[in-house]
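Trainee: Shown below is the structure under consideration.
Bear in mind these aren't lab numbers, they're just calculated from the coordinates by the rules spelled out. Model, not experiment: these values are computed from the prediction. Cβ placement follows ideal geometry from the backbone for every residue including glycine, while neighbour counts extend to all protein chains displayed.
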Amino acid sequence: MVSSSEGYEFEAYEGVEGDLPEISCAGDDDLYQRIELSLPFARTMINRFMEKVDIAEEASPNEGLVTFEALQAAGLSTPAWSGLGDPESNLHKLLLSNLFSHEAQHAFNPCCNANMLRVFGLLHCKGKPADKAKHFYWLLQEGQKK
């Protein structure tokens with residue numbers, strides 16, 4: 001079975017470019033848990049996610065931000081991430097919220113703070129604790145290359 005909040009059962013999916021299987025919330029009364037599991041972060045491996053955010057940040061016009069268009073071009077264009085292009089989706093609304101806001105945010109070219117996106121990914125993407133620790137370390141090393 002592939003459904004653990006620890007992520008260990010997801011080792012079989014390491015290196016996979018697509019989405020992880022959907023996680024069932026049947027019988028779960030916790031509204032917040034259901035919302036978190038409905039977002040694409042829960043269906044994405046941390047290494048893949050961080051790689052795609054790095055690519056999108058390099059392609060975005062302003063340092064420190066990622067445009068939704070760049071995220072899609074970087075490879076977050078799978079069915080789970082389809083909400084990036086839909087202004088009515090929960091994903092789109094979340095990434096435009098104050099939590100992810102960026103001073104260069106424009107309605108015609110939606111974008112969000114790259115590091116806030118990375119931190120959210122650390123908390124919600126699947127993966128091994130060692131991989132998450134490595135990415136967290138690099139987030140703390142401001143201005144240094146990996």
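Trainee: List the residues whose amide H sits under 5 Å from the amide H of C111, counting only those 5 or more places along or on another chain, with H placed 1.01 Å from N in the peptide plane.
Mentor: HN-HN under 5 Å from C111: F68, H106.
Trainee: Kirkwood Rh over alpha-carbon pairs of the range 21-140, then Stokes-Einstein at 10 °C and 1.306 mPa s: what D in µm² s⁻¹, rounded to an integer?
Mentor: It comes out at roughly 108 µm²/s.
Trainee: Residue-wise, which Karplus ³J(HN,Hα) couplings in Hz belong to the range 78-89, taking 6.51 cos²θ - 1.76 cosθ + 1.60, θ = phi - 60°, and x for glycine or proline?
Mentor: Listing the rounded values in order: 6, x, 5, 9, 4, x, 4, x, 10, x, 8, 7 Hz.
Trainee: Quick check: residue separation of K134 and E63 times 0.36 nm, minus the Cα distance between them. What number comes out in nm?
Mentor: 23.3 nm
Trainee: Roughly what would the spin-label model give for N109 and Q141, points 7 Å off Cα along C-beta, in nm?
Mentor: 3.0
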